[in-house]
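Single-structure report; data block below.
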Amino acid sequence: MDKKIQPYGYVTVDISGVCNAKCKYCATGARSANPGGMMSLELFKKTLDRLMELGAVEVGKSTIGLFNKGEPFLNPNFSEILDYIISKNLPFSLSSNFNVYKKMTRKQIDACTGIIVSVPGWSQESYDKVHKFDFEHIKENILKFLKDFKDAGQANKLFLTYHLYQYNLDELPLAIDFAKSNKMSFNSYYAHIIDYWKIKNYVENKLDDETLKDINNSVFINHLTNGLSNVPSDYICPQHGSLNIDEKANILACCVLPNNIEGYSLGNLFDENAKELILNRQKIKECDYCIKSGISKLMHTYADTPLFVKRLNEQAVLAPKKKKNIFKKIFNKG
């Protein structure tokens with residue numbers, strides 16, 4: 001009997017392989033991977049149709065994630081892509097640095113399950129260290145999106161996601177207050193090294209002194225890598241149960257590996273054997289290293305919200321004079 005592909009609950013289709021931010025711990029931002037491109041509207045339509053034809057995407061069971069390596073709002077056909085997803089009765093999710101604002105229609109907002117608003121801090125000083133954007137411009141765009149979503153009664157679909165660095169902890173209460181006062185959802189996690197080359201070189205002690213010093217002074221690296229050597233023998237990488245498609249419609253081994261590593265793509269979605277490629281997701285050579293070194297485990301646990309953030313979030317909205325003292329008290333407990 002011909003085996004069928006079971007529909008995935010979440011399928012990532014990267015409509016943009018480029019990003020306008022300059023995050024030095026991201027392969028796209030640090031430019032340590034090959035330059036990506038934009039998925040055309042025509043290719044996106046064919047890609048979604050193909051995924052549905054193969055049974056990997058099914059109405060009522062699947063959500064389309066429009067981001068992985070790049071910034072989705074940069075795609076010139078962004079609105080048309082959303083409309084095509086809606087025409088197929090499918091929901092979608094987004095993530096953005098919000099340096100670009102594009103107005104979304106009521107139908108698009110309704111079909112959107114949420115937008116991750118990724119921020120590296122809550123001051124120009126923090127933005128100068130990571131995204132390299134004008135912080136006031138980012139806030140202006142957040143407020144524009146907020147108005148659109150508030151008008152649709154869905155402001156809680158915007159998730160202000162705060163990346164914790166060693167230097168931006170004192171700004172955290174301000175970001176929480178902003179989110180709460182605007183009825184946005186809020187979550188936070190430790191900033192991490194999503195550039196596979198950098199984290200691999202870190203594990204192998206091959207980083208140059210300057211880069212290593214920068215990481216040690218910025219990222220909570222000791223906390224993040226504490227469990228690298230404690231990988232259970234029965235550990236299964238969550239990526240084996242996901243499906244990621246890049247802007248060229250390539251079927252990816254996972255969402256982490258850069259496009260300049262052997263095995264990055266298992267094949268193309270329009271190959272004759274695409275069904276077999278999806279059904280028989282074989283681990284590539286790099287998978288064994290990634291799992292045994294603990295990198296896979298690290299990449300799938302960094303997003304746990306720290307206890308002190310949860311406690312601080314419970315205190316919001318805070319009185320301005322109490323912010324600093326309450327933050328210190330909670331942080332010391334956590």
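Bear in mind that the values in this text are calculations on the coordinates, not laboratory data. Note that the coordinates shown come from a computational prediction; the quantities given were computed from them, not determined experimentally. Using ideal geometry, Cβ is built from the backbone for each residue, glycine included, and neighbour counts are taken over all protein chains shown.
Using only DSSP helix segments of four residues or longer, with each worth -39500 (n - 2.57), what per-residue ellipticity at 222 nm results for the chain after dividing by its residue count and rounding to 500?
Working: 14 runs with 125 residues, N = 334.
The per-residue figure over the chain is -10500 deg cm²/dmol.
Taking θ as phi - 60° and the Karplus parameters 6.51, -1.76 and 1.60, the scalar couplings of segment 148-158 work out to 4, 6, 5, 4, 8, x, 9, 4, 6, 7, 8 Hz in sequence order, x denoting glycine and proline. A full extension of the chain between residue 230 and residue 183 corresponds to an added length of 13.0 nm, given 0.36 nm per residue minus the alpha carbon distance.
Take 275-286, 16-27 and order them by the average number of nearby Cβ atoms within 10 Å per residue, most first; the result is 16-27, 275-286. For residue 190, the residues whose amide H sits under 5 Å from its own are 164, ignoring neighbours fewer than 5 places away on the same chain, with H placed 1.01 Å from N. With a cut-off of 19 Å on the backbone N, the residues of segment 8-45 near the modelled label site 7 Å out from residue 213 along Cα-Cβ are 24-25.
Over 29 Å between Cα atoms: which of 107/297; 22/46; 213/297; 3/46 fall into that group? Result: 107/297; 22/46 exceed 29 Å.
Below 10 angstrom from the Cβ of residue 105, what's the summed charge of the other residues (Lys, Arg +1; Asp, Glu -1)? List each step's numbers first, then the result.
Details: positive: 103, 106, 107; negative: 83, 110, 148.
Result for the local shell: 0.
Each of residue 106 and residue 206 was given a label point 7 Å from its Cα along the Cα-to-Cβ line. The distance between the two points is 5.6 nm. The translational diffusion coefficient of segment 22-79, from Stokes-Einstein at 10 °C and 1.306 mPa s with a Kirkwood hydrodynamic radius over alpha carbon pairs, comes to 119 µm²/s. Summed over all non-identical Cα pairs, the Kirkwood treatment of the chain gives a radius of 21.1 Å. Diagonalising the gyration tensor over the Cα atoms of segment 22-150 and scaling each eigenvalue by 5 before taking the square root yields semi-axes of 28, 19, 12 Å, largest first. Were the residues from residue 125 through residue 262 laid out at 0.36 nm apart, the gain over their Cα-Cα distance would be 45.5 nm. Segment 231-294 and segment 139-214 have Cα centres lying 27 Å from one another. Under the simplified labelling scheme, the residue 34-residue 307 pair shows an inter-label distance of 4.7 nm, with each label point 7 Å from Cα along Cα→Cβ.
Tell me, what is the percent relative contact order of segment 1-105, built from C-alpha pairs under 8 Å that lie six or more residues apart? Mind dumping the intermediate values first?
Values: 157 pairs, mean separation 36.3, N = 105.
Relative contact order for segment 1-105 comes out at 35 percent.
In segment 16-72, what GluC sites (Glu not before Pro) fall in a loop by DSSP, with at most 13 other Cβ atoms inside 10 Å? Please report the intermediate quantities before stating the final value.
Working: sites: 42, 53, 58; in loops: 58.
For GluC sites (Glu not before Pro) across segment 16-72 that sit outside H, G, I, E and B with at most 13 neighbouring Cβ atoms in 10 Å, the list is empty.
Length available on full extension from residue 4 to residue 150: 0.36 nm per residue minus the Cα-Cα distance, which gives 48.4 nm. Along the charge dipole of the chain, which of 196, 33, 174 sits closest to the positive end, that is, farthest toward it, with unit charges on the beta carbon of Lys, Arg, Asp and Glu (+1, +1, -1, -1)? Value: 174. Calculated FRET efficiency, residue 314 to residue 276, Cβ-Cβ distance, R0 = 56 Å: about 0.70 to the nearest 0.05.
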